[in-house]
Amino acid sequence: MTHADFLDADFPEPTDLPDLEADGPGRFFNRELSWLGFNWRVLEEAENPRVPLLERLRFLSISATNLDEFYTVRVAGLRELAMAGNTTPAADGLSPTEQLSLIDKNARTLMETQQQVLVALLAEMNAEKIEVLKRDGLTEADKEHLEEVFLSQVFAVLSPLAIDPAHPFPFIPNTGYALALELERERDKRPLKALLPIPAQIERFVPLPAEPGTHRFLPLEELLVMKIAQLFPGYKLKTYFEFRVLRDSDLEVEEEAEDLVREFEVALKRRRRGEVVRLTHSAGAPPLLMAVIMEQLGVDLEEVIELNGMVGMSDLKELVLDARPDLLWPNFTPRVPERVTDHEGDLLAAIRQKDMLLHHPYETFDMVIRFLQQAARDPKVVAIKQTLYRTSRDSPIVEALCEAAEDGKSVTALVELKARFDEAANIRQSRRLERAGAHVVYGFLDLKTHAKISTVVRREGNQLVTYTHYGTGNYHPITARIYTDLSFFTCDTELGRDATKVFNYLSGYAQPEKLDNLAISPTTLKPRLLELIAAEAEHARAGKPAVIWAKMNSLIDSEVIDALYAASAAGVKISLVIRGICGLRPGVKGLSENIRVKSIVGRFLEHSRIVCFGNGAGLPHKKARVFISSADWMGRNLNRRVETLVEIQNNTVKAQIVSQIMAANLADVAQSWVMGPDGTFERPKIEEGIFAFNCHRFFMENPSLSGRGSAGASDVPKLTHTED
């Protein structure tokens, strides 16, 4: 099957599910189980022989990190509801207690599989001369080397702790890792229970001496066990086990906080001390010592998981070695758009010529940084406004905003303090901006600002011209190397005015009375989506071609799902690319027979949000209505966040989104998983010797339409043709 055949293929025969009531809770698939399904897909990439070996190890590490965050946020929330006696069911009909039971069963199986995958990967790494040793496999030379490492790099950071009435049980922070020890005093056989917290400030895998081309490592915990006699002089080790703690990491902020920054600083300290929601430990823990640890940490048996293998797999990312490029993805350098090169690097001039859409990471995120750097240094620029949800520690974007403010330009930065796990970093950035003289605002206490907007106001003649950037991803130059996202640059007057109104809303709380193009959450975005879906259904009922293509991270909002079901019943052909959570059941007879869902998991993390409506002409077609957004179709994005939905008017950009980006995503076979009515995903069967289209490879090899310069776009391969 070629990519074009796949794109145009008939929808599969619907599945009859007689026990499913079309208006009952069974029409939705559980959000948490759907997320676990996504993490299974991530883990299966660690077993994919088409993926380079160390990238497979990276996928294994990511699956572990994902699961940690899932427990500290989602499971922690369900646990609180269950402990409070809350029996209110989710949209799919499951109570918090029922969900926790299903999650526990699924997650335990997932963690067992992670251990099996690690064993297989370590064997392959060993064959490639990357060894992870145990202490009994060390040579005398290794031991001499480790003695020096221990004394010079480890010993001073350690805090061996006795557990007895004179020594209170120490605090183990979220993701904290420790050795629990049973010791015996040599002179009188007196027992001692002790803890040895393993400091996060030291790398988990200690390099060992190795021949050129060979890499050898010893896990830090193995080194510490070897050195127990130096940490507890006069004692010998009887037995030990490793354990790791996950804590509730949801923040609670007072509704009437007078100083939002200070309130978040207090809340961050509370997070560190949140209740333990999961305790994992190595096999063979002595029961009495285990009982002490459980009692002190306040956990029950159902929150304890024994692992026959490695504890804390997220640390495996340390073994993804830059020194072995032969075991990594081939190097890829993002393109600089030819339009910008044609204008001798002047990005604002390129935007003045016409709207431009960049597709990251295939086209460099440096253009977004350059947009702000150029504005900061341009004497004709009078004002810059910027939203910041997540960004890097030494952010060049924050640096550019500070430079502009110090140069006397009016700079307004909306810093979202509620960006989960980036709260502390965002507090630091906000203070840095304030010191430079920028106006820093924090938006709303009860709404997260997730919109991705940047405006540059430039004096040109006797007019003020607004250059605007709308994005689907964060202003984060590090994640932009691996997240697929869209950057839309324009100096369209209406889009600039809309952006200014959104910033006024964020800084002054006054909702804009009218927006020319934008729809925003929590006011107009969801109603606009529902109207557009309903309009497509009307086209179908009128006998016109009716198609919806959409791409996002998660689809869970029940009203939107019901609207898609209604459109399917009317005859609208709906193709969805959902990377992660999907609460919609596709391909169910009488409910969703015209809906198909796929997930793409590959070299890059799919992150862009796009929706295309055939508008009575089908897709692809120049009459289509095309939108990019910062919002996934979830209750939190549509009802409890400030988000944007931008309609693309420029024909070249529309063609780029529909006929290149969306068509390639729908045509992908090599990295795709297809969702069944029961919520499970399966890889499409690829016959031996048949070409399997890979959308990431296509985008890496082919320039985008709107970024093309004087050469035009005639030589850019197109997957489909926009009809007249």
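Before moving on, here are some points about what is shown:
- Among the residues making up the stretch 601-631, those that are touching a Leu at 6+ places or on another chain (Cβ under 9 Å) and of a type in the set (A, V, I, L, M, F, W, C) are ILE610, VAL611, CYS612, PHE613, PHE627, ILE628, ALA631.
- Close Cβ contacts (under 6 Å, 6 or more residues apart or on different chains) running from residues in the stretch 330-348 that are outside any loop (DSSP other than H, G, I, E, B) to residues that are open to solvent by 60 Å² or more (accessible area, probe 1.4 Å) comprise ASP342/SER710; LEU347/ARG370.
- Residues satisfying the stated conditions in the stretch 686-701, i.e. open to solvent by 30 Å² or more (accessible area, probe 1.4 Å) and in a loop (DSSP other than H, G, I, E, B): ILE686, GLU687, GLU688, GLY689, ILE690, PHE691
- Residue list for the stretch 461-488, filter: in contact with a Cys (Cβ under 8 Å, 6 or more places away or on another chain) and open to solvent by 20 Å² or more (accessible area, probe 1.4 Å): VAL465, THR466
- Among the residues listed as LEU525, LEU506, LEU532, LEU591, the single one being open to solvent by 10 Å² or more (accessible area, probe 1.4 Å), of a type in the set (A, V, I, L, M) and closer than 26 Å to PHE488 by Cα: LEU532
- Qualifying residue in the stretch 489-496 (condition: of a type in the set (Phe, Trp, Tyr) and open to solvent by 10 Å² or more (accessible area, probe 1.4 Å)): no
- Qualifying residue in the stretch 288-301 (condition: surrounded by 14 or more Cβ atoms within 10 Å (Cβ to Cβ), touching a residue at least 24 places away in the same chain (Cβ under 8 Å), touching an Asp or Glu at 6+ places or on another chain (Cβ under 8 Å) and in a helix (DSSP H, G or I)): yes
- Put simply, of PHE365, PHE332, PHE371 the only residue that is among the aromatic types (Phe, Trp, Tyr) and surrounded by fewer than 19 Cβ atoms within 10 Å (Cβ to Cβ) is PHE332.
- Being within 25 Å of the chain's Cα centre (by Cα), farther than 30 Å from ALA569 by Cα and of a type in the set (A, V, I, L, M, F, W, C) is a property that LEU464 lacks.
- Unmet requirement for LEU223, which otherwise passes all of (1) outside any strand (DSSP E or B); (2) open to solvent by 10 Å² or more (accessible area, probe 1.4 Å); (3) over 30 Å from LEU81 (Cβ atoms); (4) not hydroxyl-bearing (Ser, Thr, Tyr): (2)
- Within the stretch 82-110, the residues that satisfy the criterion of being among the aliphatic types (A, V, I, L, M) and in a helix (DSSP H, G or I) are ALA82, MET83, LEU100, LEU102, ILE103, ALA107, LEU110.
Yes/no per residue for (1) crowded, with 22+ Cβ neighbours inside 10 Å; (2) of a type in the set (D, E, K, R):
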residue: GLY543; (1), (2): no, no
residue: ALA546; (1), (2): yes, no
residue: TRP549; (1), (2): yes, no
residue: ASP557; (1), (2): yes, yes
residue: ASP562; (1), (2): no, yes
residue: ALA567; (1), (2): yes, no
residue: ILE578; (1), (2): yes, no
residue: ILE581; (1), (2): yes, no
residue: ARG603; (1), (2): no, yes
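- LYS143 fulfils the conditions (1) modelled with pLDDT of 95 or more; (2) open to solvent by less than 70 Å² (accessible area, probe 1.4 Å); (3) not aromatic (Phe, Trp, Tyr) except for a single criterion, (2).
- All of PHE503, PHE444, PHE489 fail the test of being within 28 Å of the chain's Cα centre (by Cα) and at pLDDT 95 or above, apart from PHE489.
- When residues in the stretch 671-696 are screened for being touching a residue at least 12 places away in the same chain (Cβ under 8 Å) and closer than 18 Å to GLU606 by Cβ, 12 of them pass.
- Residue tally, condition open to solvent by 40 Å² or more (accessible area, probe 1.4 Å), among the small types (Gly, Ala, Ser) and closer than 24 Å to VAL276 by Cα, over the stretch 91-104: 1
- Looking across the stretch 8-62, the residues that are outside any helix (DSSP H, G or I), open to solvent by less than 60 Å² (accessible area, probe 1.4 Å) and closer than 20 Å to LEU118 by Cβ come down to ALA46, ASN48, VAL51, PRO52.
- Test for ALA413: is it of a type outside the set (D, E, K, R), modelled with pLDDT of 90 or more, open to solvent by less than 10 Å² (accessible area, probe 1.4 Å) and within 16 Å of VAL642 (Cβ to Cβ): yes
- Sole residue being farther than 27 Å from GLU647 by Cα and either of a type outside the set (Gly, Ala, Ser) or surrounded by fewer than 23 Cβ atoms within 10 Å (Cβ to Cβ) (or both), chosen from LYS380, LYS385, LYS452, LYS448: LYS380
- Residue in the stretch 72-81 that is of a type in the set (Gly, Ala, Ser) and either part of a helix (DSSP H, G or I) or open to solvent by 30 Å² or more (accessible area, probe 1.4 Å) (or both) present: yes
- Exactly one residue out of LYS189, LYS105 is without any contact (Cβ under 8 Å) to a residue 12 or more places away in the chain, of a type in the set (D, E, K, R) and under 30 Å from ASN48 (Cβ atoms): that is LYS105.
- Selection within the stretch 508-528: residues that are within 14 Å of VAL642 (Cα to Cα) and assigned to a loop (DSSP other than H, G, I, E, B). The member of this set that is modelled with the lowest pLDDT is TYR509.
- Counting only strands (runs of 3 or more DSSP E) wholly contained in the stretch 130-211, the ones carrying 3 or more residues that are of a type in the set (A, V, I, L, M, F, W, C) occupy 177-185, 191-197, 205-208.
- Cβ-Cβ distances below 6 Å connect the following pairs, each with a first residue in the stretch 349-360 that is over 18 Å from ARG335 (Cβ atoms), a second residue that is modelled with pLDDT of 95 or more and open to solvent by 30 Å² or more (accessible area, probe 1.4 Å), and a separation of six or more residues or different chains: ARG352/CYS491.
The values are calculated or read from the model by the stated rules, or taken from the named source; none is laboratory data. A quick note: this is a predicted structure, and the numbers were derived from the prediction, not measured. Heads up, the Cβs are rebuilt from the backbone with ideal geometry, glycines too, and the neighbour counts pull from every protein chain shown. Protein only, heavy atoms only, side chains kept; ligands, DNA and RNA dropped before computing areas. Shrake-Rupley method; radii C 1.70, N 1.55, O 1.52, S 1.80 Å.
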